[in-house]
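Engineer: Pasting in a structure now, in structure tokens, and then I'll have a few things to ask.
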Protein chains: 4
Amino acid sequence: MSETAEPMYELAHLGHAELLTPVYEQSLEFFVEVYGMDLVQESGGSAYLRAWGDHDLTTLKLTASDRAGLGHVGWRTISPQALDRRVAALEARGVTGEWIDGDVGHGKAYSFRTPSGQRNEIYYETEKYQAAQGKKSYLPNQPQSSVTRGAAVSRIDHINVLAHDIPAAREFMCQTLGFKLREHLIPPDQSEAGAWLSLMNKAHDLAITREPADTTGRLHHLAYAVENREDVLRAAEVFCELGTFIEFGPAKHSRTQGFFLYVYEPGGNRIEVFAGGFHIFAPDWEPVTWTTEGQGRSTAWGLDVPASFHTHATPVLR
Amino acid sequence: MSETAEPMYELAHLGHAELLTPVYEQSLEFFVEVYGMDLVQESGGSAYLRAWGDHDLTTLKLTASDRAGLGHVGWRTISPQALDRRVAALEARGVTGEWIDGDVGHGKAYSFRTPSGQRNEIYYETEKYQAAQGKKSYLPNQPQSSVTRGAAVSRIDHINVLAHDIPAAREFMCQTLGFKLREHLIPPDQSEAGAWLSLMNKAHDLAITREPADTTGRLHHLAYAVENREDVLRAAEVFCELGTFIEFGPAKHSRTQGFFLYVYEPGGNRIEVFAGGFHIFAPDWEPVTWTTEGQGRSTAWGLDVPASFHTHATPVLR
Amino acid sequence: MSETAEPMYELAHLGHAELLTPVYEQSLEFFVEVYGMDLVQESGGSAYLRAWGDHDLTTLKLTASDRAGLGHVGWRTISPQALDRRVAALEARGVTGEWIDGDVGHGKAYSFRTPSGQRNEIYYETEKYQAAQGKKSYLPNQPQSSVTRGAAVSRIDHINVLAHDIPAAREFMCQTLGFKLREHLIPPDQSEAGAWLSLMNKAHDLAITREPADTTGRLHHLAYAVENREDVLRAAEVFCELGTFIEFGPAKHSRTQGFFLYVYEPGGNRIEVFAGGFHIFAPDWEPVTWTTEGQGRSTAWGLDVPASFHTHATPVLR
Amino acid sequence: MSETAEPMYELAHLGHAELLTPVYEQSLEFFVEVYGMDLVQESGGSAYLRAWGDHDLTTLKLTASDRAGLGHVGWRTISPQALDRRVAALEARGVTGEWIDGDVGHGKAYSFRTPSGQRNEIYYETEKYQAAQGKKSYLPNQPQSSVTRGAAVSRIDHINVLAHDIPAAREFMCQTLGFKLREHLIPPDQSEAGAWLSLMNKAHDLAITREPADTTGRLHHLAYAVENREDVLRAAEVFCELGTFIEFGPAKHSRTQGFFLYVYEPGGNRIEVFAGGFHIFAPDWEPVTWTTEGQGRSTAWGLDVPASFHTHATPVLR
């Protein structure tokens, strides 16, 4: 066997995302009452939220803005040393980022824009959530009591951003940060239309799909996980009872095999309730190349994808 | 922040296990017809099997023997270099193992006994399963068509072995191979009774629980995963219809939060059908110490543990 | 084919039950916050509650009393004429009941004691629940918005009472009221230990099991249904998080094949969360006689029945 | 309360259906290997099949024909007397049917065409299935061992036929046979587009929806039930793995609230895998009138209905 380049395990997980919303109060009410998250604190025009199964203090920052979109996405490294190594790798690649002091829930972070225009940051120091007495779970391996309110999402799972040049966007993430390409879609006679990347055992932590418009930096969706498919079906019922528009699902994706349900939060950002997805354990996973729509249909069971799924993103273009 | 020792990601996953059985034909029939695995090949007095979602050629070796038990357990490293590094670490620790040429499904391996007496091996080179035409799945990210036969388990998940000195047993695995301690049980006025270790994002790949007898090297159980809790309930129905004795479950464990179901295969080895379990993403996960049986009960919802669960292991002592 | 006695369809369904509790406030809080019911009104020392899927105004009356137990159980007839016919049949059988004017949610009722000592009533006139504007469901075929609070039970399902002479108790219900015997348990060398009766398509609306003590009129349990087994598992989690003692389950019964979970409400009455159960469509269903514990085990998958399940009932004997 | 016309309980259940197929061998293979039914016998150019949870000997007759469609549908009465009463009622209504001697699985039957052109029969005498030794279930209240093959449907559930004049079609079934109208759809400025009828506790045993073409007697679909929604999702996976085209679903209907999945069997008949649906216990259920598409959408969660669902029926018109 010839020498193999070793896989890189330098980022640990998706740490948090910041969503912008032009209707801050309605968005906040959605994330708490409908999506089922808890508000941790409000400060500086932002709300910091968490799902009941998140071990970190906060995984969602919701910020009042003139329009919807992605403020930034934060990735946690496996160590402070890995943070330094990744910053060095970014800068060697010509990235010009900046160190920030931190935010609610995490310490110093290196903030930069990816080639596709989204602001990302990497950091290590993290504040863990400590449940107050009345919120402790009967299970000490759970950060707090489970919640039944609304869709009752349990933890942050993945994010999907848009890019024009998907091979360039994914190679940047793989080479500088250690993401691994798990699957990608290259329709016949087209350029690459989507790529699914992950850090360790998940099928994806990050998806990059095609930007249809003449803009950069947009968000396709942010996803939180629930435990199983029944929870996704239950969430659909909750959304209908509470008047939230369902764009797509519940159904099973072909890529990642996740069971999905997409809605728009009041600010316009697409939000997913997600369960399942296959696991990846092989350190030498061969990326799966989906080549045809017959084989490469976006849903496993043949459900048509609504047109908006390929066009709607935030910020909405005007 | 002071310098942190970095977490080690050197082993990728549980690769395979070898089970010994005094009733080879009945055990083989169980694993194929009841548990739902496929037979890959038979040679040298052993059967090599796989679950439909296993990406490797084989994950279970079943070997005719005079009594039941664990032949060995195999762990795959993330790279050939990691294999060399782990062998060096083992030998630096005083382990005297030996290189073997490989077996059906994998290449050269370093074989050694752990302090608790089980034979383990580590290896990198692996043969991936290639589905023949009629067995290909409609989903190219799946190694073969899913199966509905019997319990229809989908992939190898974890193994539980017994040890007298659990702190010593787990520290050996952590320090030489990069396992991470996730949870352990220390009942009041007792020594450590159980430890749950994992490699990356799972709650456990390896459990080490207390050996009640004056022997070493025994197996508590081997577990394959199904997708969700409904699949475990369905498996219970299958076992009852097909006459397989259920020892324990379906129910939810407190440690790992896995949804479990334990049966004995005809040879006497305890086999689990497992779903769920929480995920671990924090690179600095603090091990959860369960200290009392009130808090530390083995099942989450209060179901009593049958006495046999604390005493039966293979080989059965005579 | 010789002339067949025609099956009788005279009672429509279990209408409501009245539970007595010595800790009214705690019991009320349990049924609302933990079990997930809505309070309809309080009057005369009683609370009237309903589950979100109940079409009637109220299905549970909770009454402060010196001790726990069953106040009465109410069955709705299929018509006013059927009510008159059933009263005539009861009186022809020597029952001495009395007409009452009605109660919250229903009109005049004929109240009587069964041979096993429980107070029953039959009635026809019923007040349907009308959801106020903010509680209407998006689905007009549902009485109100579904609820996610606590165990979120959806509708009243069945009741289990105790009797010494089970054949006499069930024959009374069958002959006077049109219940049909679906299954019964006659252990070897014992008298009948349990009988499961239903009115139309369910496996049971009424169970009568053996009274172990020298008393009459006791309640074994009252059950509300949830949609599926995952909802029962979810309820187990809710009970644990909220500190409710689980006596038994979740598991699958052999009789009825229902998926069950039993807890005690704070007053001491045993309450079930139930899903599933087989359906009966044959008008000439042959009662299933369970004769041995090997075959006749109370749980389908072999889970042991806790001793309290055979002894605890309300009122608790002092 | 004024005198109420009493509800009629004269038919017990959907007994069987006969499907015609131009590709008999392929259809038979589908129903056995993919849908998961058992073949009971073949004779006279027909196959008689059953699902594992059907208590009757056979519930599906598959007959070779020049084209697909519904041979007939059979309903079982609650008694021989009820059979005579229903025949009298049919003939009083001017129906000209004929007595037939019976068929595999049932005795003499009265066969007639409904106003919408489908051949129906009513009968009482039925042969119950008796499992041979190796097929007996461990549960004596189940007709045979449960099956895991293919979609593993458990029992016949309902049928949907097409009619031009839906009010006339449903009133005929209600007045002569005792069906009860549970829900109907009357879109604005249109005639009635669908009606859902049942006999006892189900939301529907019979659906009658609008015939879009200039023909009569067509079948929309035949449905078998599985236990829960997870089983429907599992069936979707099975259909995809085995190459069966999914037309629609899995998703939740608004009417009946059933969880559905529609495929075409090789002969072209639309076949459903169904779970859930609400229960009806009120003897005076008020039919729910769906009036607008906003409220009356065919799927609960907003999934679009494919055009073929409103046009494809068997026989296919040429």
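The values are calculated or read from the model by the stated rules, or taken from the named source; none is laboratory data. This structure is a prediction, so every number in the text was calculated from the model and none was measured. All Cβ positions, glycine included, derive from the backbone under ideal geometry; neighbour counts span all protein chains shown. For the accessible areas, the whole protein counts, side chains as well, though only heavy atoms, and no ligand, DNA or RNA atoms are used. Shrake-Rupley method; radii C 1.70, N 1.55, O 1.52, S 1.80 Å.
Engineer: Taking the options A:Val147, A:Val232, name whichever one is crowded, with 21+ Cβ neighbours inside 10 Å and either in contact with a Leu (Cβ under 6 Å, 6 or more places away or on another chain) or assigned to a loop (DSSP other than H, G, I, E, B) (or both).
Structural biologist: A:Val232
Engineer: Another one. For the range A:258-291, which residues satisfy the criterion of being assigned to a loop (DSSP other than H, G, I, E, B) and acidic (Asp, Glu)?
Structural biologist: To start, the set of residues in the range A:258-291 that are assigned to a loop (DSSP other than H, G, I, E, B) comprises A:265-269, A:277-278, A:280-287, A:291.
A:Glu265, A:Asp284, A:Glu286 - these are the residues of the range A:258-291 that are assigned to a loop (DSSP other than H, G, I, E, B) and acidic (Asp, Glu).
Engineer: May I ask you to verify whether C:Glu121 is away from chain D (no Cβ under 11 Å), acidic (Asp, Glu), open to solvent by less than 40 Å² (accessible area, probe 1.4 Å) and in contact with a His (Cβ under 8 Å, 6 or more places away or on another chain)?
Structural biologist: It is true that C:Glu121 is away from chain D (no Cβ under 11 Å), acidic (Asp, Glu), open to solvent by less than 40 Å² (accessible area, probe 1.4 Å) and in contact with a His (Cβ under 8 Å, 6 or more places away or on another chain).
Engineer: Does the range C:123-131 contain any residue that is in a strand (DSSP E or B) and of a type in the set (A, V, I, L, M)? If you could, list the steps in order and put the result at the bottom.
Structural biologist: First, the residues of the range C:123-131 that are in a strand (DSSP E or B): C:123, C:126, C:128.
If we keep only those that are of a type in the set (A, V, I, L, M) as well, we get none.
Looking for residues that are in a strand (DSSP E or B) and of a type in the set (A, V, I, L, M), one finds none in the range C:123-131, hence no.
Engineer: Within the range C:292-309, work out how many residues are in a loop (DSSP other than H, G, I, E, B), open to solvent by less than 20 Å² (accessible area, probe 1.4 Å) and out of contact with any His (no Cβ under 8 Å at 6 or more places or on another chain).
Structural biologist: Residues that pass the stated criteria total 1.
Engineer: Does any residue in the range D:271-282 that is closer than 15 Å to D:Trp196 by Cα come within less than 9 Å, Cβ to Cβ, of a residue that is open to solvent by 30 Å² or more (accessible area, probe 1.4 Å) and among the aromatic types (Phe, Trp, Tyr) six or more places away or on a different chain, and which pairs are these?
Structural biologist: Cβ pairs passing all conditions: none.
Engineer: Restricting to the range B:83-107, and then to whatever is within 21 Å of the chain's Cα centre (by Cα) and within 11 Å of chain A (Cβ to nearest Cβ), can you tell me which residue is nearest to B:Met200 (Cα to Cα)?
Structural biologist: Of everything passing the filter in the range B:83-107, B:Leu83 is nearest to B:Met200 (Cα to Cα).
Engineer: Now, a different point. Looking at this structure, is C:Leu57 within 14 Å of chain D (Cβ to nearest Cβ), under 21 Å from the mean Cα position of the chain (by Cα), surrounded by 15 or more Cβ atoms within 10 Å (Cβ to Cβ) and modelled with pLDDT of 95 or more?
Structural biologist: yes
Engineer: Do we find a residue being over 18 Å from the mean Cα position of the chain (by Cα), assigned to a loop (DSSP other than H, G, I, E, B), at pLDDT 95 or above and not acidic (Asp, Glu) anywhere in the range B:165-179?
Structural biologist: Looking for residues that are over 18 Å from the mean Cα position of the chain (by Cα), assigned to a loop (DSSP other than H, G, I, E, B), at pLDDT 95 or above and not acidic (Asp, Glu), one finds none in the range B:165-179, hence no.
Engineer: Looking at B:Ile78, is it aliphatic (A, V, I, L, M) and in contact (Cβ under 8 Å) with a residue 60 or more places away in the chain? Show your work before the answer.
Structural biologist: On the way: aliphatic (A, V, I, L, M): yes; in contact (Cβ under 8 Å) with a residue 60 or more places away in the chain: yes.
Here the answer is yes, as B:Ile78 does meet what is asked.
Engineer: Give just the number: which of (1) within 17 Å of the chain's Cα centre (by Cα); (2) within 14 Å of chain B (Cβ to nearest Cβ) does A:Ser79 not satisfy?
Structural biologist: (1)
Engineer: Further, regarding this structure: Could you go through the range B:223-235 and let me know if any residue there is under 27 Å from C:Cys240 (Cα atoms), modelled with pLDDT of 95 or more, of a type in the set (S, T, N, Q) and in contact with a Phe, Trp or Tyr (Cβ under 7 Å, 6 or more places away or on another chain).
Structural biologist: no
Engineer: If a residue must be buried (at least 16 other Cβ atoms within 10 Å of the Cβ), of a type in the set (Lys, Arg) and in a loop (DSSP other than H, G, I, E, B), how many such residues does the range D:73-107 contain?
Structural biologist: Going through the range D:73-107 one residue at a time, the tally reaches 0.
Engineer: Then there's this: When the residues of the range D:245-257 are filtered to those that are in a loop (DSSP other than H, G, I, E, B) and open to solvent by less than 20 Å² (accessible area, probe 1.4 Å), which remaining residue is nearest to A:Phe248 (Cα to Cα)?
Structural biologist: So, considering only residues that are in a loop (DSSP other than H, G, I, E, B) and open to solvent by less than 20 Å² (accessible area, probe 1.4 Å), the one nearest to A:Phe248 (Cα to Cα) is D:Ser254.
Engineer: What pairs can you find where one residue is in the range D:165-190 and in contact (Cβ under 8 Å) with a residue 60 or more places away in the chain and closer than 13 Å to D:Thr289 by Cβ, the other is open to solvent by less than 40 Å² (accessible area, probe 1.4 Å) and of a type in the set (Asp, Glu), and their Cβ atoms are less than 8 Å apart, with a gap of 6+ or different chains?
Structural biologist: D:His184/D:Glu192; D:Leu185/D:Glu192; D:Ile186/D:Glu192
Condition check ((1) out of contact with any strand residue (DSSP E or B) (no Cβ under 7 Å at 6 or more places or on another chain); (2) within 18 Å of C:Tyr129 (Cα to Cα)) across all residues:
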| position | (1), (2) |
| --- | --- |
| C:Ala5 | yes, no |
| C:Ala47 | no, yes |
| C:Thr59 | no, yes |
| C:Trp75 | no, yes |
| C:Val87 | no, no |
| C:Gly107 | no, yes |
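Engineer: Here's a check for you: in the range B:129-149, which residue that is under 22 Å from A:Trp285 (Cα atoms) and away from chain A (no Cβ under 14 Å) is modelled with the lowest pLDDT?
Structural biologist: B:Gln133
Engineer: Output the residues belonging to the range C:48-72 that are part of a strand (DSSP E or B) and more than 30 Å from D:Gly277 (Cβ to Cβ).
Structural biologist: Within the range C:48-72, C:Leu62, C:Thr63, C:Ala64, C:Gly69, C:Leu70, C:Gly71, C:His72 qualify.
Engineer: Scan the range B:185-205 residue by residue and report those that are farther than 22 Å from B:His312 by Cβ and open to solvent by 20 Å² or more (accessible area, probe 1.4 Å).
Structural biologist: B:Ile186, B:Pro188, B:Asp189, B:Lys202
Engineer: If I filter the range C:115-128 down to residues being free of Cβ contacts under 8 Å to residues at least 60 places away in the same chain and within 22 Å of D:Phe281 (Cα to Cα), which single residue comes out as farthest from the chain's Cα centre (by Cα)?
Structural biologist: This residue is C:Glu125.
Engineer: Still on this model: Kindly indicate which of C:Glu247, C:Glu272, C:Glu237, C:Glu286 is touching a helix residue (DSSP H, G or I) at 6+ places or on another chain (Cβ under 9 Å) and either within 14 Å of chain D (Cβ to nearest Cβ) or among the charged types (D, E, K, R) (or both).
Structural biologist: C:Glu247
Engineer: Evaluate the following for D:Leu14: is it within 14 Å of chain C (Cβ to nearest Cβ), under 27 Å from D:Ala88 (Cβ atoms) and not in a loop (DSSP other than H, G, I, E, B)?
Structural biologist: It is true that D:Leu14 is within 14 Å of chain C (Cβ to nearest Cβ), under 27 Å from D:Ala88 (Cβ atoms) and not in a loop (DSSP other than H, G, I, E, B).
Engineer: May I ask you to say which residue of D:Lys135, D:Lys180, D:Lys128 is in contact with a Cys (Cβ under 8 Å, 6 or more places away or on another chain) and open to solvent by 20 Å² or more (accessible area, probe 1.4 Å)?
Structural biologist: The unique qualifying residue is D:Lys180.
Engineer: Also: Cβ-Cβ below 6 Å, separation at least six or inter-chain, first residue in the range A:14-40 and of a type in the set (S, T, N, Q), second assigned to a helix (DSSP H, G or I): which pairs?
Structural biologist: Filtered contacts from the range A:14-40: A:Thr21/A:Ser27.
Engineer: Of all residues in the range A:258-268, which are over 21 Å from D:Val305 (Cα atoms), in contact with a Ser or Thr (Cβ under 8 Å, 6 or more places away or on another chain) and buried (at least 23 other Cβ atoms within 10 Å of the Cβ)?
Structural biologist: Once the filter is applied, which keeps residues that are over 21 Å from D:Val305 (Cα atoms), in contact with a Ser or Thr (Cβ under 8 Å, 6 or more places away or on another chain) and buried (at least 23 other Cβ atoms within 10 Å of the Cβ), the range A:258-268 yields A:Glu265, A:Gly267.
Engineer: While we're on this one: Among the residues of the range C:17-47, count how many are in contact with a Phe, Trp or Tyr (Cβ under 8 Å, 6 or more places away or on another chain) and assigned to a strand (DSSP E or B).
Structural biologist: 6
Engineer: Do we have any residue at all in the range B:206-224 that's more than 22 Å from C:Gly276 (Cα to Cα), among the hydrophobic types (A, V, I, L, M, F, W, C) and open to solvent by 20 Å² or more (accessible area, probe 1.4 Å)?
Structural biologist: Taking the range B:206-224 and keeping what is more than 22 Å from C:Gly276 (Cα to Cα), we get B:206-224.
Checking the rest, the ones that are also among the hydrophobic types (A, V, I, L, M, F, W, C) come to B:206-208, B:213, B:219, B:222-223.
Narrowing further to those that are open to solvent by 20 Å² or more (accessible area, probe 1.4 Å): B:213.
Checked the range B:206-224: at least one residue is more than 22 Å from C:Gly276 (Cα to Cα), among the hydrophobic types (A, V, I, L, M, F, W, C) and open to solvent by 20 Å² or more (accessible area, probe 1.4 Å).
Engineer: When only residues in the range D:150-169 that are farther than 20 Å from D:Phe309 by Cα and open to solvent by 30 Å² or more (accessible area, probe 1.4 Å) count, which is nearest to the other protein chains (Cβ to nearest Cβ)?
Structural biologist: Among them, the one singled out is D:Arg155.
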